[in-house]
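Since the structure comes first, as structure tokens, the remarks are kept for the end.
Just so it is clear, none of the values below were taken in a lab; they were calculated from the coordinates. This one's a predicted model, so the numbers in the text were calculated from it and none came from an experiment. Cβ atoms come from the backbone with ideal geometry, glycine included; neighbour counts cover every protein chain shown.
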Amino acid sequence: PRDPVAKLLLFGATGDLARRMLLPSLYNLHSDGLLPPALTITGAARQDFDDAGYRDFARAALDEFLPADRKDPATIAAFAERLFYQPTDLSKPECFRPLADKIGDIGGGLAIYLSTAPSLFEPAIDGLSSVGLTGPTVRVGLEKPLGYDLASSREINDAVARAFPEERIFRIDHYLGKETVQNILALRFGNSFFEPVWNAQGIDNVQITIAETVGLEERAGYYESAGALRDMVQNHILQLLALIAMEPPAHFDGADVRDEKSKVFRSLRLMKPEKVPHNTVTGQYADGAVGGKFVKSYAEELGKPSTTETFVAIKAHVDNWRWQGVPFYLRTGKRMAARRSEIAIQFKAVPHSMFAGRGGLLQPNMLIIRLQPEEYIQLLVMAKEPGLDRDGVRLREVPLNLSLDAEFAGSRRRIAYERLLLDLIEGDPTLFVRRDEVEAQWTWIDAIRAGWTANDQKPKSYPSGSWGPSAAIALTERDGVTWQDD
Ligand code: BG6
């Protein structure tokens, strides 16, 4: 049952995520009439704003990040009325009393969104506890990064657990808010024809790619200590993998969906250190051209040499009955040739081709789930080329196309955070990450990092605007598999 709160408290209210994503998302929810009518939103951050100052700040962010057709002055003015602000330095315990006074009565429910550096999670939780902002009517959303390894993520989870029971903790992975990501569940469990072949008998391999064209942006401090494995694989890519690999949940709810995902994470084959160099490739971008524009190398952007990976490719295995022997190839990188998030599922080849040698090599069927930049699902099938074929039938791969953009053209493409903020406000945990999931993810990630250290594996250079180091191509080619769309 949905249980909306009356108040939202936003830590990190002046940060980049708030400007680009959270304020525009809240505005969109407001403008679509989806927020509880009396919901107030209190921003908290170090900047010294009063309510009016924060309303101006929010209006400027909306002006910068909303598409022109969403900017309605009257709606923006009404949205701004919901906003309040309290200057808060999370490292100063004395800041919490004035914050609690500002928030006032929490009997109608309070949702807290912590979009801050992870080092501030613990002081924030302690401060909130000290002024009673953690009671049974309060739930808390945690933005990534949730630590940088298993030990640090346990520390954060323990600190939060001292103040909130697990059912009131909402760990955010914004990929779970994306419409096409949720569509994986619709595709698998709303149709009968995929599931019988959705296993090691029917599927040859699975590829998951999140390629970005952006570089370091303004995040040197964070990114340099994280790297691609922690930044993208530990969370987003593993969540995609789990949705592809999990068993059918009995119900679409927080308990059943997360139980099944968690089992997948626990089935990931832990890499022994000596296996890591064979199963992972790391890279760091050199200078080059992305989309016709010259860009600097990572080290130049950073201003110093670095061994942080901006690209990683991994051959992973899910060791359970369904997936025995099926490789999951994962890759993600910055400054790649194109922005593309996609899952490609390659089915087994037909056992015998009656067309062999007669003008048509059979390609194995492929299911492509494209998340970005477009949203579509495509099934690549073999079809006969038109013609009289006197020297043999000619076959060609053609797509069966489901363009979600075109099919649902009337509906606006929402920001992933709209879904997640609404679920936090209404208390639906299904699309949030449970503690056991995060810890199983980190266990697998830590084993890879340990292998990198043990083998002194350093990232290989790749030109900006490419698909990563050539070793990433060799990672699949040695198994006779080609990355889709290279
Ligand atoms: C974030 C990472 O979690 O996801 C960023 O920290 C990355 O490095 C971003 O750019 C990608 O998200 P999206 O939604 O643009 O694919």
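Restricting things to alpha carbons, find the Rg to Rh ratio for the chain using the Kirkwood radius for Rh.
0.99
Region 11-82: Rg/Rh from Cα coordinates, Kirkwood Rh?
So for region 11-82, dividing Rg by the Kirkwood Rh gives 0.93.
Taking a cut-off of 24 Å, what percent of all Cα-Cα pairs in region 166-260 are separated by more than that?
Tail fraction, whole percent: 34.
Restrict the search to region 199-272; then list the GluC sites (Glu not before Pro) that DSSP places in a loop and that have at most 15 other Cβ atoms within 10 Å of their Cβ.
Taking region 199-272 and a limit of 15 other Cβ atoms within 10 Å, the loop GluC sites (Glu not before Pro) found are GLU217, GLU218.
On a straight-distance basis, which lysines could pair with LYS384 in a cross-link, Cα separation under 23 angstrom, same-chain partners fewer than 8 positions away excluded?
LYS348
Over every pair of different alpha-carbon atoms in region 192-351, take the mean of 1/r and invert it; report that Kirkwood radius in Å.
17.4
Could you work out the per residue convex hull volume over the alpha carbons of region 326-448, in cubic angstrom?
Once divided by residue count, the hull of region 326-448 is 203 Å³.
Along the positive direction of the dipole of region 365-486 (beta-carbon charges: Lys, Arg +1; Asp, Glu -1; about the Cα centre), which of GLN378, THR482, LEU402 reaches farthest?
Going by the Cα projections, it comes out as THR482.
Give the distance, in whole Å, between the Cα centre of region 301-364 and the Cα centre of region 420-457.
Centre-to-centre (Cα) distance: 21 Å.
Let me know the whole percent of all Cα-Cα pairs from region 111-206 that are separated by more than 17 Å.
Working: 2784 of 4560 pairs.
Summing the P(r) of region 111-206 above 17 Å gives 61 percent of all pairs.
Which value, in debye to the nearest 20, gives the size of the charge dipole of the chain about its Cα centre, when Lys and Arg are +1 and Asp and Glu are -1 at the Cβ?
With only Lys, Arg, Asp and Glu charged at Cβ, the dipole is about 960 debye.
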